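J.: Please see the structure below; I have some questions.
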Amino acid sequence: MSVRPFIFTLYLALASVASAADLTIAHVYTGWREAASFKRISEYFDGKENTNGATVLRTHPDQRAGYYFLVRTKNSGTTFPVDIKLQLITQANSTLLTYQFPSEFRNGSAVIQLGLTGNDWPDSNANPVAWRIEILAKDGSVLSADQSYLWENKNGRTGLHLD
């Protein structure tokens, strides 16, 4: 049995942990977007959605209108796969809703648009009561997170508590 494959595997694992530690969420913007706001002139010619370099992840990929979380990130490490977990409470439903999106982070700044589309967000006038976004390593550990002001209750405990 050769030691080289083991050492190489260990190196890759340590490199991904080191690079994952350098991932941060710089800012999150939220709001409703109409489907037409995604249409670019180039799409009329080739029929492909032009995301202008952003990663667009939707709960219903075939539907563009919906409530979006535009997440600006910074990664000073290497490329690695992640899951992005979005949790929220809505005005219509006091139950915690959770969505998970697989993605990949490359070195540098990135824009990710997480869209709750179709019947996951049918009301253009509705806003979430509170939300939290976590970027998770494949082992489930939290690499970076951001949340709305109302996600924490008045006692400072993590998690929204509906009294």
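All of the numbers you see were taken from the coordinates with simple rules; none came from a lab. Everything quoted here is computed from the prediction, not taken from an experiment. So basically every Cβ, Gly included, is an ideal-geometry build from the backbone, and we count neighbours across all protein chains shown.
J.: Amide H to amide H under 5 Å from ARG58: which residues, 5+ apart in sequence or cross-chain, H placed 1.01 Å off N in plane?
T.: For ARG58, the qualifying residues are GLY115.
J.: Could you compute the FRET efficiency for ARG40 and ASP120, with r as their C-beta to C-beta distance and R0 at 25 Å, rounded to 0.05?
T.: About 0.55, to the nearest 0.05.
J.: With θ set to phi - 60°, apply the Karplus curve 6.51 cos²θ - 1.76 cosθ + 1.60 along region 122-133 and write out the HN-Hα couplings as whole Hz, x wherever there is a Gly or Pro.
T.: For region 122-133, the Karplus-derived couplings read x, 9, 5, 9, 7, 10, x, 6, 7, 8, 9, 10 Hz, x marking Gly and Pro.
J.: Now a separate question. Can you sort THR24, THR90 from fewest to most other Cβ atoms within 10 Å of each residue's own Cβ?
T.: Fewest-to-most Cβ neighbours within 10 Å comes out as THR24, THR90.
J.: Separate question: What does the charge count near ARG33 come to, summing +1 for each Lys or Arg and -1 for each Asp or Glu among other residues with Cβ under 15 Å from its Cβ?
T.: Within the 15 Å Cβ shell, the charges total 0.
J.: Would you please name the GluC sites (Glu not before Pro) within region 86-156 that are DSSP coil residues with at most 16 other C-beta atoms within 10 Å of their C-beta?
T.: Answer by residue number: GLU152.
J.: Compute the Cα gyration tensor for region 4-151, then decide on rounded, prolate or oblate, letting a ≥ b ≥ c be the square roots of its eigenvalues: rounded whenever a/c is under 1.5, prolate when a/b is larger than b/c in the other cases, and oblate in all that remain.
T.: oblate
J.: Turning to a different aspect of this structure: If you stretched the chain out fully between THR79 and VAL111, how much longer would it get, using 0.36 nm times the residue separation minus the C-alpha to C-alpha distance?
T.: In short, 10.0 nm is gained.
J.: So how do ASP22, ASP123, ASP62 line up by other beta-carbon neighbours within 10 Å, fewest first?
T.: ASP62, ASP123, ASP22
J.: Which is farthest toward the positive dipole end of region 4-151 among LEU114, HIS27, PHE69, measuring Cα position about the Cα centre, with Cβ charges +1 (Lys, Arg) and -1 (Asp, Glu)?
T.: Of the candidates, HIS27 comes out farthest on the positive side.
J.: I would also like to ask the following. Show me the trypsin sites (Lys or Arg not before Pro) within region 55-162 that DSSP assigns to loop and that have at most 10 other Cβ atoms within 10 Å of their Cβ.
T.: Answer in residue order: LYS154, ARG157.
J.: Sticking with this one: Measuring from label point to label point, each 7 Å out along Cα→Cβ, what is the TYR29 to GLU104 span in nm?
T.: 2.7 nm
J.: Moving on. So how do SER42, SER103 line up by other beta-carbon neighbours within 10 Å, fewest first?
T.: Ranking SER42, SER103 by Cβ neighbours within 10 Å, fewest first, gives SER42, SER103.
J.: So how strong a dipole does region 52-163 carry about its Cα centre when Lys and Arg Cβ are +1 and Asp and Glu Cβ are -1, to the nearest 20 debye?
T.: Dipole size: approximately 260 debye.
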